[in-house]
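Visitor: Got a structure here, written out as structure tokens. Questions coming.
The values are calculated or read from the model by the stated rules, or taken from the named source; none is laboratory data. What you see is a predicted model, and the numbers here were worked out from it, not measured in a lab. Counting neighbours? That spans all protein chains shown, and the Cβs are built from the backbone with ideal geometry, glycine included. Surface accessibility is based on the protein's heavy atoms, side chains included, excluding ligands, DNA and RNA. Shrake-Rupley method; radii C 1.70, N 1.55, O 1.52, S 1.80 Å.
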Amino acid sequence: MQDDRRKVVIIGGGLVGSLCACFMGQKGYDVFMYEKRPDPRKTAHTRGRSINLAISHRGRAALRSVGLEEIILESAIPMKGRLLHSKTGELQSVLYDPIFNNCIYSVGRNFLNEVLLNAAESYNNVTVKFNHNLVDVDFRREVIQLRNNDTMEVFEETADLIIGADGAHSALRFAMLSTPMFQFSQTYIDHGYLELRIPPELGDKMTPNHLHIWPRGQFMMIALPNKDTSWTVTLFMPFKNFNSLGSEAKIIHFFDNTFPDAIPLIGKEDLVQTFLNTKPSQLISVKCSPYHCGSKFLIIGDAAHAMVPFYGQGMNSGFEDCTILNELLERNNVKIEEIIRQYSKIRVPNAQAICDLAMYNYVEMRDLVNRKSFRVRKTVDEVIFRLCPKTWIPLYNSVSFSNLDYSRCLRNKQSQDKVYNLLVGLFLLGLAYVLFNALN
Ligand code: FAD
């Protein structure tokens, strides 16, 4: 079969699926994308996962490849650093990249999904079908079964490449569990999250262009800006703490003691109503290997590597999946079977590295940022980065502002830690020597 006549089926029209449809559409493939939910452009938005997301280098690069970076960034809000809120209301700005001034951007999830769906449908060779569920997979016959939820008709579909972009609870990944040598693990952390809101009329009381953090050791609250000047506030906390806040008095008491400066911004009534009427959501991390199955099945995005949201890389890494798949598909005369095998080889170690880094970053955001030792380390990192910008790239910069393999970012951090610990050791030894000489 000629490359330009390839047929591709994508399961899931979320952020990653619809971007993937754009990449495949651009290649001239015949693309069919099946999404189980109704068209989000025609239905009232339901509150689900985060209302806004942070987009950084890897996500931007993927959007640029399909000509969408500009339109997305026009509606996004730059965040140049973290703004830390102490318990007593002091603020401290910590820039992400004081040397090259890189920033991350807050963008609305619904807006992003709508732009991507419009872009995918603008290709004549892309067909998007909503209300269609993947219900079964037959790996032996290499066909999938889909159900049209309007008519309840169940039908078979096949293609040269079948991509599961169906999210953290992927039906395609679930089917892959029964295939030989497929490795899988999932972890629900014992912290959940609840979204609150600072309304547009109070948004200007927040220092702009920052990701705000209220780090409190075992838990934290963050806020990201929206285009309408409101802020989406997310409280991450152990479920047991959420469960202990069952009354108005307890909620107010907790906020008074922990986030006093946030109460007038969110408003007591909204705060209490949201707490009493919303269940905190769970956070899952998924690791599996390989990402392909047989000669045509592949999973990407959260379906392959759902992660906790603390590095802001879930979507960014899913978008990078599309870039990598696209690059591999550029190789002429290579069979799909070989391409997806290569894809797994490249992507599994990198996606697993960012899943681990995302877990680590929760500790950094909620706790380490408050510690002097962490701030000293950050300053040292910045000084060395300034002197050797190509050899000493601090972890956050390499993850968020470069396309260095995630596993390489992790290895760099481990070697930097060793050098740093050696420097600290030498410094302490030198200090002891000076003191010893001074006292004798
Ligand atoms: P999804 O967005 O889950 O889309 C999957 C789609 O598949 C859905 O539309 C679903 O309806 C459809 N589907 C499911 N099953 C089927 C089926 N059987 N048949 C057909 N269709 C199906 N990432 C960042 O990069 N930056 C951030 O700042 C960030 N913040 C986050 C904050 C929170 C609180 C959370 C929870 C996540 C955050 N993420 C962030 C992660 C990001 O939301 C995900 O990585 C991203 O949405 C993954 O996109 P996806 O398309 O792979 O999956």
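Visitor: Could you pull out the residue among 167, 192 that is closer than 28 Å to residue 338 by Cα, at pLDDT 95 or above, touching a helix residue (DSSP H, G or I) at 6+ places or on another chain (Cβ under 8 Å) and of a type outside the set (Asp, Glu)?
Guide: 167
Visitor: What number goes with the only condition from (1) among the hydroxyl-bearing types (Ser, Thr, Tyr); (2) open to solvent by less than 20 Å² (accessible area, probe 1.4 Å); (3) outside the structural domain of residue 349 (by TED's automatic domain parsing) that residue 207 does not pass?
Guide: Condition (2) is where residue 207 drops out.
Visitor: What helices (runs of 4 or more DSSP H), lying completely within region 246-362, carry at least 1 residues that are surrounded by fewer than 22 Cβ atoms within 10 Å (Cβ to Cβ) and either more than 12 Å from the ligand (Cβ to nearest atom) or assigned by TED's automatic domain parsing to the domain that holds residue 204 (or both)?
Guide: 248-258, 263-266, 268-277, 314-329
Visitor: Output yes when any residue across region 107-120 is assigned to a loop (DSSP other than H, G, I, E, B) and either surrounded by 16 or more Cβ atoms within 10 Å (Cβ to Cβ) or away from the ligand (no atom under 11 Å from the Cβ) (or both), and no when none is.
Guide: No; the residues of region 107-120 include none that is assigned to a loop (DSSP other than H, G, I, E, B) and either surrounded by 16 or more Cβ atoms within 10 Å (Cβ to Cβ) or away from the ligand (no atom under 11 Å from the Cβ) (or both).
Visitor: Restricted to region 150-169, and to residues that are in a loop (DSSP other than H, G, I, E, B), open to solvent by 50 Å² or more (accessible area, probe 1.4 Å) and in contact (Cβ under 8 Å) with a residue 12 or more places away in the chain, which residue is nearest to the ligand (Cβ to nearest atom)?
Guide: Among those residues, the one meeting the criterion is 150.
Visitor: Filter region 336-373 down to the residues that are within 17 Å of residue 186 (Cα to Cα) and touching a Leu at 6+ places or on another chain (Cβ under 8 Å) and list them by number.
Guide: 353, 356, 357
Visitor: All but one of (1) of a type in the set (Phe, Trp, Tyr); (2) assigned to a strand (DSSP E or B); (3) open to solvent by 70 Å² or more (accessible area, probe 1.4 Å) hold for residue 174; state the number of the condition that does not hold.
Guide: In the conditions (1) of a type in the set (Phe, Trp, Tyr); (2) assigned to a strand (DSSP E or B); (3) open to solvent by 70 Å² or more (accessible area, probe 1.4 Å), residue 174 misses (2) alone.
Visitor: Right, something else. Can you pull out the residues in region 217-258 that are among the β-branched types (Val, Ile, Thr) and touching a Gly at 6+ places or on another chain (Cβ under 8 Å)?
Guide: Scanning region 217-258 gives a single hit, 229.
Visitor: For region 223-238, state whether one or more residues are over 24 Å from residue 77 (Cα atoms), open to solvent by 20 Å² or more (accessible area, probe 1.4 Å) and within 15 Å of the ligand (Cβ to nearest atom).
Guide: No, every residue in region 223-238 fails to be over 24 Å from residue 77 (Cα atoms), open to solvent by 20 Å² or more (accessible area, probe 1.4 Å) and within 15 Å of the ligand (Cβ to nearest atom).
Visitor: Suppose we keep only residues that are more than 15 Å from the ligand (Cβ to nearest atom) and without any contact (Cβ under 8 Å) to a residue 60 or more places away in the chain within region 1-43. Which one would you say is least open to solvent (accessible area, probe 1.4 Å)?
Guide: Filtering first and then ranking leaves 4.
Visitor: Can you say whether residue 142 is open to solvent by 20 Å² or more (accessible area, probe 1.4 Å), among the charged types (D, E, K, R) and within 26 Å of residue 39 (Cα to Cα), as far as the supplied structure shows?
Guide: Spelling it out, it is not the case that residue 142 is open to solvent by 20 Å² or more (accessible area, probe 1.4 Å), among the charged types (D, E, K, R) and within 26 Å of residue 39 (Cα to Cα).
Visitor: Please enumerate the residues belonging to region 129-149 that are away from the ligand (no atom under 11 Å from the Cβ) and in a strand (DSSP E or B).
Guide: Selection gives 138, 143, 148.
Visitor: In this structure, is residue 192 surrounded by fewer than 19 Cβ atoms within 10 Å (Cβ to Cβ) and in contact (Cβ under 8 Å) with a residue 24 or more places away in the chain?
Guide: no
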